[in-house]
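Asks: Starting off with a structure, shown below.
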Amino acid sequence: MSRPQQQAKLSTDHNGVSVIQSQAHASSLQQVPQLVPANPSAPGGKAQAPSKMKKAHADKDSDEYRQRRERNNLAVKKSRQRSKQKAQDTQQRVNELKEENERLEAKIKLLSKELSVLKDLFLEHAHNLADNVQPPNVDGSSPAANGPNGQ
């Protein structure tokens with residue numbers, strides 16, 4: 001059995017992808033996309049996938065180009081506006097937290113002074129109570145029970 005002879009022809013499609021056209025039995029053409037470098041003499045010798053190839057630049061005077069640029073400009077403007085607003089919100093929050101921190105530190109200082117004053121009052125009162133309390137009698141009876149003369 002003899003194998004049918006195939007003829008191959010190399011061409012490039014509109015995306016810059018090399019296509020090998022082979023003809024079997026001289027009846028139908030078959031297109032097989034190949035990853036062949038557009039410039040085989042380029043260093044590295046690596047081929048680019050069709051999705052990675054640069055698309056043809058649209059005419060800068062075309063309506064489509066102007067519309068895409070306008071949409072992109074609006075998107076960039078909106079993005080920058082959001083970024084600026086976020087920075088302002090963050091700065092406002094920082095300022096609010098600083099103010100709250102100052103208020104809380106002032107309250108701590110005030111409460112610490114109040115605590116110190118109350119401790120001093122308590123210690124003075126406790127000292128006065130200790131001075132006014134007479135030691136109990138050796139027999140365990142209270143001084144008031146023995147009468148006015150202590151008997």
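Asks: Take Ala106 and decide whether it is modelled with pLDDT of 95 or more, more than 27 Å from the chain's Cα centre (by Cα) and open to solvent by less than 80 Å² (accessible area, probe 1.4 Å).
Replies: Here the answer is yes, as Ala106 does meet what is asked.
Asks: Determine if the range 17-40 includes at least one residue that is at pLDDT 60 or above, open to solvent by less than 90 Å² (accessible area, probe 1.4 Å), aliphatic (A, V, I, L, M) and under 32 Å from the mean Cα position of the chain (by Cα).
Replies: No: zero hits.
The values are calculated or read from the model by the stated rules, or taken from the named source; none is laboratory data. Keep in mind it's a predicted model, so treat the numbers as computed, not measured. For the accessible areas, the whole protein counts, side chains as well, though only heavy atoms, and no ligand, DNA or RNA atoms are used. Shrake-Rupley method; radii C 1.70, N 1.55, O 1.52, S 1.80 Å.
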